[in-house]
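Student: So that we are looking at the same thing, I have put the structure below in structure tokens.
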Protein chains: 2
Amino acid sequence: MENDLRTKLLQAFTEKPDEYLSGQELAEVLGCSRTAIWKHIEELRKDGFVLEAIRKKGYRILEVPHKMIPDEIRYGLETMHLGRNIHYEETVDSTQRIAQRLAYDGAQEGTIVIAEEQLGGRGRFERAWHSPKYKGIWMSIILRPKVPIMQTPQLTLLMAVAAVKGIEQATGCEPGIKWPNDLLINGKKVSGILTELQADSDRIHSLIIGIGINVNLEPSDYPAELLDTATSLFIETGKEWDRATIVQSILLELEKLYTIYLDNGFYPIKLLWESYAVSIGKRVKATTLNGTLVGIAKGITEQGVLLLEDDEGEIHTIYSADILIES
Amino acid sequence: MENDLRTKLLQAFTEKPDEYLSGQELAEVLGCSRTAIWKHIEELRKDGFVLEAIRKKGYRILEVPHKMIPDEIRYGLETMHLGRNIHYEETVDSTQRIAQRLAYDGAQEGTIVIAEEQLGGRGRFERAWHSPKYKGIWMSIILRPKVPIMQTPQLTLLMAVAAVKGIEQATGCEPGIKWPNDLLINGKKVSGILTELQADSDRIHSLIIGIGINVNLEPSDYPAELLDTATSLFIETGKEWDRATIVQSILLELEKLYTIYLDNGFYPIKLLWESYAVSIGKRVKATTLNGTLVGIAKGITEQGVLLLEDDEGEIHTIYSADILIES
């Protein structure tokens, strides 16, 4: 209930970003006393918000806190469902692990888990994902699409498109996508996505999408062996970026694309994915569970799987692989 | 450790079913004292085993207990891996729920969860599964195949074949399979299978296969509304069957088929599935997430999905549906 009032309060400020909102007005909108409003304003201040208060005019938010606390994500969030329920932690083993448990216990669609730091962050193929404190976005999103598991590859590609568009929106920087869902800038990885699911053979129960984005990491934040293959938005642009703004953009883009997908199917998403793809048309080495294939990445199918043409001209359908772009 | 000795002891009796095993011999095989053997024999007796003990010859098992305690499943179990780790409960909400948690916490492949009774047993599409005490087999099996999620339908069909063969082996009764994995005798359901998975978009982490088999249920054990559609091995054969023996047969058949599948792919399993299928070639009504289709079930693909030809001659690929055989 308390938390609910806080959410509504930030929502009210979000809707009128440059106006002063009076205690009276806020009390009416929120359906509580002016004393309760005053108490919540004081709590926002304690959490690091800077508020201007002018007699006879009201309150206005001037600055949001440095940490990515849930309120900072809520303030300015334009989605309908995604990110409305935020599970925030300072330090976790992995946001995926928490989201898996929440999903299993029935968490609603759009619930996100976000942490300032992951000690055991993981990417595809159980690889470690370096997640230093306050430097990046380490987030898991719970979706509950009513679709068969065969459509999982499509949703994985959809998330990659949402991340590219969100990052572009917030920073002006447009990463390319390496199949299926690595985001690259100048050939180096700026973001990785891990899609996990709880399902039965008929349909998906929960899709738990983990995304790691290297936002403000400096070269000294990386272990030496990662410097050849990883980068960050800070390294590429020379600027520090507000992580909450990027989270908001990605959630908004994801919500738009997800709605399009549920209404119109994969085709519009496929076109977008292809427009950002950097691996298509290139010679690639694909390491699969059953061995290694080398050839030209020809494109993706309607199912979202990769087509690879080997040197004998044979076309292979690749459901899962680690891709190295050779030229 | 104690439990380990018990397992080895029953293993020793399993390997030589008609022989007397001396305390000395057992002590050597198990690497413990004769006193320890004597103690374990006494505990078997307390749990309901009837053992014959003849001086200078040794021990022999004459009768196993009435309840399906783990030892009764172990005694006579010929598998290498499946069912070697048994999680047994008298009463549970659902064996799938327990198995899901065990799988998530890292339970080894082949772990089974078995209960005498389920209070909240569930089948496909969240339907209730009636699971009265001591009357049936309510079991979940954890597998960890290193395959992409696209192969889940194949594994679902594989389980149906293993169940048919196991039931046939133990009782002589051969159910037919209605796509994908309902087992029918005389058109009524004797067993249902629910395949759930924990996965990422690259591969399956755990497959949790739930199977319910109506073994010794009498008509009075069913709610009235189920009598038209459900049956039991007892109702069909007039005999009471030993549930542990059926579990053992199914686990053995499953292990054989699963090994064939991992080594040789789906093709041999497909042939077996087709040989037991009762829905193929028939006119069926398929209720899917996107609506209802009526037509002739033509067969299954290499992926394990159903092909249905509608009245206009168009072929539809069905990943998930509820099938009603019309003729």
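Quick note: the coordinates plus some simple rules give every number you see, no bench work behind them. Note that the structure is a prediction, hence the values are computed from the model and not measured. Here Cβ is always computed from backbone atoms with ideal geometry, including for glycine, and neighbour counts include all displayed protein chains.
Student: Given Cα pairs under 8 Å that are at least 6 residues apart, what percent is the relative contact order of the range B:283-325?
Tutor: Taking the mean separation of contacting Cα pairs over the length of the range B:283-325, I get 40 percent.
Student: Something else about it: Run through the other copies and list how far each one's label point is from that of A:Gln108, in nm with one decimal, shortest first; the point sits 7 Å from Cα along Cα-Cβ.
Tutor: List, nearest first: 4.4 nm.
Student: When A:Ile296, A:Ile208 are ordered from fewest to most other Cβ atoms inside 10 Å of their Cβ, what list results?
Tutor: The order, fewest Cβ neighbours first, is A:Ile296, A:Ile208.
Student: Calculate the spin-label point distance for A:Arg55 paired with A:Cys173, positioning each point 7 Å from the Cα along the beta-carbon direction, and give it in nanometres.
Tutor: Simple spin-label model gives 4.7 nm for this pair.
Student: Also: Provide the per-residue ³J(HN,Hα) series for the range A:301-317, in order, calculated from phi with Karplus coefficients 6.51, -1.76, 1.60 and θ = phi - 60°, each as a whole number of Hz, with x at glycine and proline positions.
Tutor: 8, 4, 7, x, 9, 7, 9, 10, 9, 7, 5, 8, x, 7, 9, 10, 9
Student: While we're on this one: Sort chain A into rounded, prolate or oblate with this rule: let a ≥ b ≥ c be the square roots of the eigenvalues of the Cα gyration tensor; rounded if a/c is under 1.5, and if a/c is not under 1.5, prolate when a/b is larger than b/c, oblate otherwise.
Tutor: prolate
Student: I would also like to ask the following. State the extension gain, in nm to one decimal, for the chain segment bounded by B:Thr301 and B:Lys67, taking 0.36 nm per residue of separation less the distance between their alpha-carbons.
Tutor: Stretched fully, the B:Thr301-B:Lys67 segment lengthens by 80.1 nm.
Student: What average number of partner chain Cβ atoms lie no more than 10 Å from the Cβ of the residues making up A:144-150?
Tutor: Shielding by partners across A:144-150 averages 5.
Student: Round to the nearest 10 and give me the degree value, 0 to 90, for the angle of helix A:152-171's Cα axis relative to the longest principal axis of chain A.
Tutor: 50 degrees
Student: Same structure, new question: Helix B:243-264 sits at what angle to the longest principal axis of chain B, using alpha carbons and giving 0 to 90 degrees rounded to 10?
Tutor: 60 degrees
Student: Let me check against my output: what whole-number percent is the relative contact order of the range B:1-158, with C-alpha pairs under 8 Å and at least 6 apart?
Tutor: 17 percent
Student: What whole-number volume per residue, in cubic angstrom, does the convex hull of the C-alpha atoms of the range B:2-63 give?
Tutor: Considering the Cα atoms of the range B:2-63, their hull volume per residue is 75 Å³.
Student: Ok, one more. Over the Cα atoms of the protein assembly as shown, each weighted equally, I'd like the Debye log10 I(q)/I(0) at q = 0.05, 0.09, 0.10, 0.11 Å⁻¹, rounded to two decimals.
Tutor: After summing over all Cα pairs, the log10 values are -0.31, -0.88, -1.01, -1.12.
Student: Here's a follow-up. Which of rounded, prolate or oblate describes the range A:221-314 when judged by the alpha-carbon gyration tensor and an a/c cut-off of 1.5?
Tutor: Oblate, because a/c is 1.5 or more while a/b does not exceed b/c.
Student: Further question: When a/c reaches 1.5 or more, the comparison of a/b and b/c decides; with that in mind, is the range A:178-262 rounded, prolate or oblate per its Cα gyration tensor?
Tutor: Verdict is prolate for the range A:178-262.
Student: Going by how many other beta carbons lie within 10 Å of each one, how would you line up A:His205, A:His81, fewest first?
Tutor: Ranking A:His205, A:His81 by Cβ neighbours within 10 Å, fewest first, gives A:His81, A:His205.
Student: Between A:Lys146 and A:Arg45, how many nm apart are label points set 7 Å from Cα along the C-beta direction?
Tutor: Here the modelled spin labels are 4.9 nm apart.
Student: Also, quick follow-up: Which order do the peptides B:260-270, B:147-157 come out in when sorted by mean C-beta neighbours inside 10 angstrom, highest first?
Tutor: B:147-157, B:260-270
Student: Still on this structure: I want to verify a result. In a Gaussian network model of chain B, Cα cutoff 10 Å, which of these has the top mean-square fluctuation: B:Leu271, B:Leu307, B:Leu119?
Tutor: B:Leu271
Student: Distances from A:Gly281 to the same position in the other copies: list them in nm, one decimal, shortest first, using label points 7 Å from Cα along Cα→Cβ.
Tutor: 5.2
Student: When only C-alpha pairs under 8 Å and at least 6 residues apart count, what is the relative contact order of chain A, in percent?
Tutor: 13 percent
Student: May I ask you to work out the translational diffusion coefficient for the range A:128-212 at 20 °C, viscosity 1.002 mPa s, via Stokes-Einstein with Rh from the Kirkwood sum over Cα pairs, reported in whole µm²/s?
Tutor: 156 µm²/s
Student: Could you work out how far helix B:34-46 tilts from the main Cα principal axis of chain B, as a 0 to 90 degree angle to the nearest 10?
Tutor: Computed tilt is about 50 degrees.
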